[in-house]
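Visitor: Please find one structure pasted underneath; my questions will follow.
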Number of protein chains: 2
Amino acid sequence: MPSYAGQPKLMPMPSSVVFKQGEFRLNANFNIALTGNFDDRINRATSRWLKRLSEQTLLVLNPKEIGKQNAPFKIQITQRAKIALHEDESYQLAIKNNQIILSATTDVGAIRGLETLLQLLQADAKGYYFPSVEITDQPRFPWRGLLIDVCRHFIPIDVIKRNIDGMAMVKLNVLHLHLTDDQGFRIESKTYPKLHQMGANGLFFTQEQIKEIIAYAADRGIRVVPEFDIPGHATSWFAGYPQFASAPGPYPIETKLAGLDLAPTFDPTKKETYTFLKAFFKEMAALFPDEYMHIGGDENNGRQWNNNPQIQAFKKQHQMTNNHELQSYFNQEVRKILVQNHKKMMGWDEIFQPGTSNDIVIQSWRGKKSLFEAVKQHYPVILSHGFYIDLLHSAKDYYLNDPLPADHGLTPEAQKYILGGEAAMWAELVTAETIDSRIWPNTAAIAERLWSPANVNNVEDMYERLAAIDTQLEYLGLSHQKNYDVLLKRLTNGGDISALKTLTDVLEPMKGLSRRKQSITYYTYTPLTMIADAARPDSKVARKFEKLVKLFASNPNSQTAEELKTLLLLWQNNDQPLQSVINQSPSLREISSVSTDLARLSGTALEMIEYLEKDKKSNPNAYSALWQQQTSKRIQDARLPRGSVEISPTWLDAITQLTQLVLQK
Amino acid sequence: MPSYAGQPKLMPMPSSVVFKQGEFRLNANFNIALTGNFDDRINRATSRWLKRLSEQTLLVLNPKEIGKQNAPFKIQITQRAKIALHEDESYQLAIKNNQIILSATTDVGAIRGLETLLQLLQADAKGYYFPSVEITDQPRFPWRGLLIDVCRHFIPIDVIKRNIDGMAMVKLNVLHLHLTDDQGFRIESKTYPKLHQMGANGLFFTQEQIKEIIAYAADRGIRVVPEFDIPGHATSWFAGYPQFASAPGPYPIETKLAGLDLAPTFDPTKKETYTFLKAFFKEMAALFPDEYMHIGGDENNGRQWNNNPQIQAFKKQHQMTNNHELQSYFNQEVRKILVQNHKKMMGWDEIFQPGTSNDIVIQSWRGKKSLFEAVKQHYPVILSHGFYIDLLHSAKDYYLNDPLPADHGLTPEAQKYILGGEAAMWAELVTAETIDSRIWPNTAAIAERLWSPANVNNVEDMYERLAAIDTQLEYLGLSHQKNYDVLLKRLTNGGDISALKTLTDVLEPMKGLSRRKQSITYYTYTPLTMIADAARPDSKVARKFEKLVKLFASNPNSQTAEELKTLLLLWQNNDQPLQSVINQSPSLREISSVSTDLARLSGTALEMIEYLEKDKKSNPNAYSALWQQQTSKRIQDARLPRGSVEISPTWLDAITQLTQLVLQK
């Protein structure tokens, strides 16, 4: 693993980084020379890059001068990349005192290297510079994706574009657009216009916009893989075309976001279904240049099929004993359509069924067991299980989810079928306003898992680098940090947010499926402007607190104690001003007791720190077994989610650690 | 003038507001009934409104239930509005304990009333409510616009859309798009594709996007008036079509943003020029539904004409004695083209020349003198002089700029020709990242000037209401506040911004044309990520400080003194931590001495406050004439702009006021 303490914070970490003495100093004469074999894509990429460099350094750099052969930064490219799976993304970067050389087989490799170079930018009293370094880099996996569900809540094109910028920054290369689901059909169809006209409430991408997204992504070396989820998750198809469902309509667009039981499903027994899908996929195949097309195929509970006598008769007639076989039949028919359109089929675990052709790609949401089963039978797979960023786990959890862990036990041949993975941003509980704060920065940790060597896995180091990339992502226009205050302001009706922010900084939205599984029913029109939408996963402040507690545990010096006390006092004194705010903010009522819990536990922690600083004898009875029991109960009670948020478990664990320290003393 | 101390903060202030006892309490059964004559526009408007209400109150309100006749909020509309000048925008709003009635002649009037209603939303410990009130409202002027220059820096569609939302919030009704200028031709032309292909560096609106903008604006009762600036400001036209210029090409797109001397100008003597413009305007007339089309017509210095012997010959031949007459001839020809396309011509002051037809509209950038001259001759006019928001003056200055001031001296007939005004957002020194912070909140003050009765002109009261609308504008997605931190972070290279923010909060970007007139040449690729781009006009913190100083001067009690001291200590102690940041941030070097000036003057002010609190005798010689001279010099020196920013004049004036207090003592 490369070592780079005190060096620029790179993410994803390149496979080889060797820092040298010296640096390349930037000035207004800086510009870029291009040699080799390339087209206009690299010109656009270098223009964008020069603009970002200019914005960070305030140097006035003329993009029209890119290409002059005497410029100090030389980019050498052998060939133009295809925007396709398995394209060469490697690059080498050599920075010396007077010259920077970025060489790559393809322009996309050079685009990856440009991101690394910008992350190397440093400043000191003399100005801006790049440290001397030699970097050799290439991805570990060829398929490194981000799935964005634009169905449950529509995510408009500007949000998609800024997330593509974020993807490019961390070297992801597949944007997987989940375009159709029960709650919305989000793409214009000229062949069957009732699909978007009746299935989307006016919220869909026009084909012009889709082309714009594809071009924007391709310019950054990113493929766009569309998903049209069939035969289930298909209500929005039937809003305009109920005749292809397995039960009679009408089918209004689904407005519930969870707990759907009898999801409408395509009728796989009708010829007309395939005629319809044939024309539809033909249209989409012409629109999307990527070789892969995703047909979903997940979570069909089969109930519509079971209730339809004609479908039951069809099964009997074809000697099918269960719905899996029927779905397998359906998949085979759809696969034929895709093959006719020169596309490879892709789908979720469920499409992996006996007899399925090996030219499909399986995306695993179920786990590594099903993943490994598939690769053993030489089906190409990508991993999404453990990468569901909508479940709001910690960056650490996502980071350590290796598609090919050390103990995989696979043959070298089978390993090759693991193409990579995809972060999955399901959109039941996000809107355009909050989605960035769920995608970033966690997806950067996933991006590193998929790009960097397997032995780059130090969690503490990852978090340090993640903090740097977190800010740089904001420079691109992403709003994961900047929408926080707006959300809090709405909750205080435009009032002062400082006390609310102090609390919310150590809160986290409920994790996993727990928020959705409360007694509240979420509809597509339920406002997502609650405290749980403002709160971010994996609280940074809680992690900082935990780190200080650990430091204090190993070395209880007065400086660490003071830092801890400053934080704890802030939290202890926060409850009173916050209660006045809550009293005028009906939307905050539910977290009133959360604020009190935080303040009380902070008070307890302050006493513990003071006790730990003092001599043993000063209060020998302070921390009795009874106290332990009561405190443990209070910590336990404080874990209870309220208002769909919880006090960061990291924070509560740190408090628990303090109680252990006083008890051990 | 309506009185409403302690009441909801409305902006623009309605013409009549009478608060009553009681309130309408909101709950989850809230919804909207529609009666009268309307189409789907009001359904979309009420859906959007319900969503915003829901986001602010967390009530789950189903948009599908809009229209049920038993809902407690009733909207009554007589007819569907045309999106055109002089449309009826009046409304009446009556809120009682159990019912809200919004009635309007047109749906656009109802849309205006919906904005007022949302501004009335209040919260207390019991929940959300609207206070009982009776409001009658209509605009003072029928033309209330915002001009956005998308040429000097391109402003993409998502930024335009969110600004349309902002316009709707403050009841503006004209979006004036300045679409062509020397630095860019920002609209797709299918008739002459080289216009956008060669004149825009890839940054332009497609016709689909223009349609999207027009529909988005129309849905909010906002007209879109396009400007195609001719015969000058026309370099980008000639990038693709040099043959219509008054001198031979080639014409690369202009990259300089100021100090252009010999601006390329259409050749008004060639028949081909008009053939070209005829086909172009025919295409644009079909695209833009508004009755008005703006042809610019400003700032043609005539030098290209003077240097062209054929043009000189043409002038002689037609007995023209100067270039104004030639431009008048050009305007007449263009007017004929517009009239053929059923459009009325609009232009800047310069188009008002002897013999010009009265069916044009003149937009005044030169001042009220030329405005009054025109209306006396019964030319319709709108005022933009004094509304140039890119010049970064205070909201107060814009607010008090009345198109029809008390002393206008116009006949009632002449007054009618003053249609209104437009805030003008020229884009030499803004990008998509910063433009919102120049438009908002200042444009809200202009919107009130144009909507509310002339006697609504209390500046202090305006500022209080502006602060409320400022936050509500952020709820719409506008970024005037939220991009501030990102800009500061870039300047500290991702480091801690707290000290920089404390300083920048009392800085203002240079006003008027002074920033552009420094020795720096601004190009279209000059980064606009400087401290001057982060700083906002009309510092709120400086205004707060000034208010405290005034309060202290009239009543030097200890509470006010303490508040002042807290602020002054913050500024005094800010220099040291900030200098460490500046030392590592080359981009901040220029403001090092600004920080020191602020700290030193704050120290001086602290001493003055302490002196003023004490007995007269304690230090009778402290504030001598020499001290006065030195302090006055230091304040004067601190006024010097550095890094294109200056310490807020409001702040420095408040310091000056303190020196006067100690000298008077």
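The values are calculated or read from the model by the stated rules, or taken from the named source; none is laboratory data. Values in this document were obtained by computation on a predicted structure and should not be read as measured data. All Cβ positions, even for glycine, are placed from backbone atoms using ideal geometry, and neighbour counts span all protein chains on display. Side chains included, ligands, DNA and RNA excluded: accessible areas come from the protein's heavy atoms. Shrake-Rupley method; radii C 1.70, N 1.55, O 1.52, S 1.80 Å.
Visitor: Which pairs turn up if I take residues in region B:206-235 that are within 14 Å of another protein chain (Cβ to nearest Cβ) and look for partners that are in a loop (DSSP other than H, G, I, E, B) with beta carbon separation below 8 Å, at least 6 apart in sequence or on another chain?
Guide: Filtered contacts from region B:206-235: B:206/B:188; B:207/B:188; B:207/B:190; B:208/A:206; B:210/B:188; B:210/B:288.
Visitor: Continuing with this model, one more query. Go through region A:205-225 residue by residue and tally those that are in contact with a strand residue (DSSP E or B) (Cβ under 8 Å, 6 or more places away or on another chain) and assigned to a loop (DSSP other than H, G, I, E, B).
Guide: 1
Visitor: Looking at (1) open to solvent by 20 Å² or more (accessible area, probe 1.4 Å); (2) part of a helix (DSSP H, G or I); (3) more than 14 Å from chain B (Cβ to nearest Cβ); (4) more than 30 Å from residue B:129 (Cβ to Cβ), which one does residue A:593 not meet, given that it meets all the others?
Guide: Against the list (1) open to solvent by 20 Å² or more (accessible area, probe 1.4 Å); (2) part of a helix (DSSP H, G or I); (3) more than 14 Å from chain B (Cβ to nearest Cβ); (4) more than 30 Å from residue B:129 (Cβ to Cβ), residue A:593 comes up short only on (4).
Visitor: What pairs come out if I take residues in region A:395-409 that are of a type in the set (Lys, Arg) and pair them with residues that are outside any helix (DSSP H, G or I) whose C-beta lies under 8 Å away, six or more apart or interchain?
Guide: If the second residue must be outside any helix (DSSP H, G or I), the pairs left are A:396/A:538.
Visitor: Hey, among the residues in region A:512-539 that are in contact with an Asp or Glu (Cβ under 8 Å, 6 or more places away or on another chain) and more than 14 Å from chain B (Cβ to nearest Cβ), which one's surrounded by the most Cβ atoms within 10 Å (Cβ to Cβ)?
Guide: Within region A:512-539, the match that is surrounded by the most Cβ atoms within 10 Å (Cβ to Cβ) is A:535.
Visitor: Please go through region B:467-478 and pick out each residue that is facing chain A (nearest Cβ under 9 Å) and touching a residue at least 60 places away in the same chain (Cβ under 8 Å).
Guide: The answer is B:467, B:468, B:472, B:475, B:477.
Visitor: A further question on this structure: Identify all residues within region B:319-353 that are assigned to a helix (DSSP H, G or I) and hydrophobic (A, V, I, L, M, F, W, C); write none if there are none. First the steps, then the outcome.
Guide: Within region B:319-353, the subset assigned to a helix (DSSP H, G or I) is B:323-340, B:349-351.
Within region B:319-353, B:326, B:330, B:334, B:337, B:338, B:339, B:351 qualify.
Visitor: Continuing with the same structure: I'd like to know if region B:608-620 contains one or more residues that are among the small types (Gly, Ala, Ser) and touching a residue at least 24 places away in the same chain (Cβ under 8 Å).
Guide: Here is the first cut: in region B:608-620, the ones among the small types (Gly, Ala, Ser) are B:618.
With the extra rule that they be touching a residue at least 24 places away in the same chain (Cβ under 8 Å), the set shrinks to none.
Within region B:608-620, none of the residues are among the small types (Gly, Ala, Ser) and touching a residue at least 24 places away in the same chain (Cβ under 8 Å).
Visitor: When only residues in region B:55-72 that are within 22 Å of residue B:40 (Cα to Cα) and assigned to a helix (DSSP H, G or I) count, which is nearest to the other protein chains (Cβ to nearest Cβ)? Show your work before the answer.
Guide: Initially, region B:55-72 is screened for residues within 22 Å of residue B:40 (Cα to Cα), giving B:61-72.
Pick out the ones that are also assigned to a helix (DSSP H, G or I) and you get B:63-65.
On the way: B:63: 6, B:64: 8, B:65: 10 Å.
Step by step, filter region B:55-72, then rank; the result is B:63.
Visitor: For a quick check of your reading: which helices (runs of 4 or more DSSP H) sit entirely within region A:226-318 and have at least 2 residues that are modelled with pLDDT of 95 or more?
Guide: On the way: elements: A:235-240, A:271-287, A:303-306, A:309-317.
It comes to A:235-240, A:271-287, A:309-317.
Visitor: So, in region A:245-262, exactly how many residues are open to solvent by 20 Å² or more (accessible area, probe 1.4 Å) and touching a residue at least 24 places away in the same chain (Cβ under 8 Å)? Give the steps one after another, and end with the answer.
Guide: Here is the first cut: in region A:245-262, the ones open to solvent by 20 Å² or more (accessible area, probe 1.4 Å) are A:247-256, A:258-262.
Narrowing further to those that are touching a residue at least 24 places away in the same chain (Cβ under 8 Å): A:247, A:253-256, A:258-262.
Residues flagged as open to solvent by 20 Å² or more (accessible area, probe 1.4 Å) and touching a residue at least 24 places away in the same chain (Cβ under 8 Å) within region A:245-262 amount to 10.
Visitor: What's the number of the condition residue A:645 fails, among (1) modelled with pLDDT of 95 or more; (2) surrounded by fewer than 20 Cβ atoms within 10 Å (Cβ to Cβ)?
Guide: Exception for residue A:645: condition (2).
Visitor: Within the bounds of region B:9-19, is there any residue that is more than 26 Å from the chain's Cα centre (by Cα) and either within 14 Å of another protein chain (Cβ to nearest Cβ) or polar (S, T, N, Q) (or both)?
Guide: No, there is no match, as no residue in region B:9-19 is more than 26 Å from the chain's Cα centre (by Cα) and either within 14 Å of another protein chain (Cβ to nearest Cβ) or polar (S, T, N, Q) (or both).
Visitor: Can you list the strands (runs of 3 or more DSSP E) found entirely within region B:122-163 that contain at least 2 residues being in contact with a Lys or Arg (Cβ under 8 Å, 6 or more places away or on another chain) and surrounded by 22 or more Cβ atoms within 10 Å (Cβ to Cβ)? Even if it seems obvious, please write down each step before you answer.
Guide: On the way: elements: B:122-124, B:127-137, B:143-149.
Those strands (runs of 3 or more DSSP E) span B:127-137.
Visitor: As an exercise: evaluate residue B:608 against (1) modelled with pLDDT of 95 or more; (2) in contact with a helix residue (DSSP H, G or I) (Cβ under 7 Å, 6 or more places away or on another chain) and give the number of the one condition it does not meet.
Guide: Result: residue B:608 passes all but (1).
Visitor: I'd like the residue in region A:371-390 that is more than 22 Å from the chain's Cα centre (by Cα) and in a helix (DSSP H, G or I) and, out of all such residues, is farthest from residue A:442 (Cα to Cα).
Guide: Applying the filter and picking the extreme gives A:376.
Visitor: Continuing with this model, one more query. Among the residues of region B:177-205, how many are within 19 Å of residue B:290 (Cβ to Cβ) and either within 14 Å of chain A (Cβ to nearest Cβ) or under 25 Å from the mean Cα position of the chain (by Cα) (or both)? Talk me through it step by step, then tell me what you get.
Guide: To start, the set of residues in region B:177-205 that are within 19 Å of residue B:290 (Cβ to Cβ) comprises B:177-180, B:186-189, B:205.
So of that shortlist, the ones also either within 14 Å of chain A (Cβ to nearest Cβ) or under 25 Å from the mean Cα position of the chain (by Cα) (or both) come out as B:177-180, B:186-188, B:205.
The total comes to 8.
Visitor: Out of region A:173-204, which residues are in a strand (DSSP E or B), more than 30 Å from residue A:109 (Cβ to Cβ) and of a type in the set (A, V, I, L, M, F, W, C)?
Guide: Narrowing region A:173-204 to residues in a strand (DSSP E or B): A:174-181, A:184-185, A:187.
Those left that are additionally more than 30 Å from residue A:109 (Cβ to Cβ): A:180-181, A:184-185, A:187.
Correct list: A:185, A:187.
Visitor: Within the set of pairs 6+ apart or on separate chains, which have a first residue in region B:512-541 that is more than 13 Å from residue B:428 (Cα to Cα), a second that is charged (D, E, K, R), and C-beta atoms under 6 Å apart?
Guide: Sorted first by the residue in region B:512-541, then by its partner, the pairs are B:529/A:55; B:529/B:490; B:535/B:508; B:537/B:508; B:539/B:508; B:541/B:505.
Visitor: Just one of A:83, A:95, A:100 is open to solvent by 30 Å² or more (accessible area, probe 1.4 Å) and under 34 Å from the mean Cα position of the chain (by Cα); which is it?
Guide: Working: A:95 fails: open to solvent by 30 Å² or more (accessible area, probe 1.4 Å); A:100 fails: open to solvent by 30 Å² or more (accessible area, probe 1.4 Å).
Going through A:83, A:95, A:100 in turn, the sole match is A:83.
Visitor: Considering each of A:47, A:90 in turn, give the residue that is open to solvent by less than 30 Å² (accessible area, probe 1.4 Å), at pLDDT 95 or above and small (Gly, Ala, Ser). Please lay out each step first, then the result.
Guide: Details: A:47 fails: open to solvent by less than 30 Å² (accessible area, probe 1.4 Å).
Exactly one of A:47, A:90 is open to solvent by less than 30 Å² (accessible area, probe 1.4 Å), at pLDDT 95 or above and small (Gly, Ala, Ser), namely A:90.
Visitor: Inspect all residues belonging to region B:493-500 and state whether any of them is within 14 Å of chain A (Cβ to nearest Cβ), part of a helix (DSSP H, G or I) and open to solvent by 40 Å² or more (accessible area, probe 1.4 Å).
Guide: yes
Visitor: Moving on. Please verify whether residue B:230 is more than 23 Å from the chain's Cα centre (by Cα), of a type outside the set (Gly, Ala, Ser) and open to solvent by less than 10 Å² (accessible area, probe 1.4 Å), treating the condition exactly as stated.
Guide: Working: more than 23 Å from the chain's Cα centre (by Cα): yes; of a type outside the set (Gly, Ala, Ser): yes; open to solvent by less than 10 Å² (accessible area, probe 1.4 Å): yes.
Against the criterion (more than 23 Å from the chain's Cα centre (by Cα), of a type outside the set (Gly, Ala, Ser) and open to solvent by less than 10 Å² (accessible area, probe 1.4 Å)), residue B:230 qualifies.
Visitor: Also, I was wondering about something else. Would you check which residues across region B:451-487 are open to solvent by less than 10 Å² (accessible area, probe 1.4 Å), closer than 25 Å to residue B:418 by Cα and either in contact with a Pro (Cβ under 7 Å, 6 or more places away or on another chain) or part of a loop (DSSP other than H, G, I, E, B) (or both) and list them?
Guide: Those that are open to solvent by less than 10 Å² (accessible area, probe 1.4 Å), closer than 25 Å to residue B:418 by Cα and either in contact with a Pro (Cβ under 7 Å, 6 or more places away or on another chain) or part of a loop (DSSP other than H, G, I, E, B) (or both): B:451, B:452, B:456.
Visitor: Please work out which one of (1) open to solvent by less than 10 Å² (accessible area, probe 1.4 Å); (2) within 19 Å of residue A:122 (Cβ to Cβ) is the condition residue A:59 fails and give its number.
Guide: So residue A:59 meets the others, but not (1).
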